[in-house]
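What follows is a single structure, written as structure tokens, with notes after it.
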Amino acid sequence: MNKKEKILVTGAAGQIGSELTPLLRERYGNIQVIASDIKTDIPSDLKDSGPFEHLDVLSNERLFEVVKKHRITLIFHMSAILSASGEQNPQHAWKVNIEGTRNILEISKDSEVKKLFIPSSIAAFGPSTPREDTPQETILRPNTVYGITKVAGELLSNYYVARYKLDVRGCRYPGIISHKTLPGGGTTDYAVAIFYEAVRKKTYTCFVNKETMLPMMYMPDCLKATLDLMDANFKKLQHHADFNVAGMSFKVHELAREIKKHIPDFTISYEPDYRQKIADTWPRTIDDSAARQEWGWEPEYDLSSMTEDMLKELRRRHQESGL
Ligand code: AKB
């Protein structure tokens, strides 16, 4: 990505957008990076550090206006409805994830936008997918509406690469663990909530059972994966919008044990709800050899280093201002 790019981030106030946007501003200059979100209560660090546009990706006119006004050349399309929220309102998830993504692709095809990042998710897999070391090329038959929209998003993005020569890239994010902005509406949210509650109350009631094991990634690795993939040489890519990427995998009781090393009186209990069924259809571990071979992907954090850093950051925030 070169320094002259004009970059639009959708969903900039979300879990990933709120950390990706400042990083892009640091790299490319504040003025070059336009943050956008459908939300109106935007944290001041995001709103005051560069341009901000209120944007609903379902409004084609508004999207067109923003892309034209700023002469956008590159888009990170981070807005989406996640798995658990998707099951609460499937029609809305379909609309935002399918129509929103199609709007972004269409506007890009007809404007100066040359390159896009459109994330997929481990939710693209389903109950008939092999759950251990889930291969890059495998069965994609998810049974959540979120997963269905992610498979469609991957296929549509790859279609725009082949048909319109748009440079669309994306990876299948695992659960993302971070301490700046809470995730909203995901099945993997327990792996973030557990840290907040451990610091706040030293106890957590988990909505999936103790044996649940899912692929996860710490935010610094998520940002690295996103930017490394965007920086990769297009000619070296055989895949485009559907890369498997792995960080770490752990069972919930293993995460609790790791937290206990730092907070010895931490306790956990389990009250599985509808999200258990979703988690049970997703991989336990991921084979990300295509990402490693095609663009040199390598994660830095494991369970122990992630836990240490999360607790350090959350304790600092807890002491400064509460969580
Ligand atoms: C979710 O749990 O829905 C997301 C995801 C894995 O895409 N975090």
Legend entry - Filter result (touching a residue at least 12 places away in the same chain (Cβ under 8 Å), farther than 19 Å from Y190 by Cβ and assigned to a helix (DSSP H, G or I)) within segment 262-302: S289, A290, A291, E294, W295
Legend entry - Conditions (1) more than 14 Å from the ligand (Cβ to nearest atom); (2) outside any helix (DSSP H, G or I): number failed by R172: (1)
Legend entry - So T281, is it in contact with a Gly (Cβ under 7 Å, 6 or more places away or on another chain) and closer than 19 Å to P174 by Cα: yes
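For every residue, the table says whether it meets (1) buried (at least 17 other Cβ atoms within 10 Å of the Cβ); (2) more than 13 Å from the ligand (Cβ to nearest atom); (3) at pLDDT below 95.
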residue: K236; (1), (2), (3): no, yes, no
residue: Q276; (1), (2), (3): no, no, no
residue: W282; (1), (2), (3): yes, no, no
residue: S289; (1), (2), (3): no, yes, no
residue: R292; (1), (2), (3): no, yes, no
Legend entry - Residue, surrounded by the fewest Cβ atoms within 10 Å (Cβ to Cβ), within segment 79-105, restricted to residues that are away from the ligand (no atom under 16 Å from the Cβ) and without any contact (Cβ under 8 Å) to a residue 40 or more places away in the chain: Q91
Legend entry - Breaking point among (1) in a helix (DSSP H, G or I); (2) open to solvent by 30 Å² or more (accessible area, probe 1.4 Å), for M1: (1)
Inset, instruction - Within segment 37-80, work out how many residues are among the hydroxyl-bearing types (S, T, Y), under 14 Å from G11 (Cα atoms) and not in a loop (DSSP other than H, G, I, E, B). - result: 0
Inset, instruction - Please find, within segment 175-184, the residue that is farthest from L46 (Cα to Cα) out of those that are more than 7 Å from the ligand (Cβ to nearest atom) and touching a helix residue (DSSP H, G or I) at 6+ places or on another chain (Cβ under 6 Å). - result: I177
Legend entry - Matching residues, segment 81-119, being aromatic (F, W, Y) and assigned to a helix (DSSP H, G or I): W94
Legend entry - Total residues in segment 152-161, condition open to solvent by 20 Å² or more (accessible area, probe 1.4 Å) and within 16 Å of the ligand (Cβ to nearest atom): 1
Legend entry - Selection from segment 241-261 of residues that are open to solvent by 30 Å² or more (accessible area, probe 1.4 Å) and within 20 Å of the chain's Cα centre (by Cα): S249
Legend entry - Scan of segment 139-150 for residues that are in contact with a Phe, Trp or Tyr (Cβ under 7 Å, 6 or more places away or on another chain) and open to solvent by 30 Å² or more (accessible area, probe 1.4 Å), ordered by number: L140
Inset, instruction - Answer yes or no as to whether S128 is open to solvent by 40 Å² or more (accessible area, probe 1.4 Å), of a type in the set (S, T, N, Q) and either in contact with a Leu (Cβ under 9 Å, 6 or more places away or on another chain) or assigned to a helix (DSSP H, G or I) (or both). - result: no
Inset, instruction - Please find, among F76, F64, the residue that is more than 21 Å from the chain's Cα centre (by Cα) and either among the acidic types (D, E) or away from the ligand (no atom under 14 Å from the Cβ) (or both). - result: F64
Inset, instruction - State whether one or more residues within segment 249-258 are in contact with an Asp or Glu (Cβ under 7 Å, 6 or more places away or on another chain) and within 22 Å of A123 (Cβ to Cβ). - result: yes
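The values are calculated or read from the model by the stated rules, or taken from the named source; none is laboratory data. All values reported here derive from a predicted model rather than from experimental measurement. For neighbour counting, all protein chains shown are included, and Cβ atoms are generated from backbone atoms with ideal geometry for every residue, glycine included. Side chains are part of the model used for accessible areas, which takes the heavy atoms of the whole protein and leaves out ligands, DNA and RNA. Shrake-Rupley method; radii C 1.70, N 1.55, O 1.52, S 1.80 Å.
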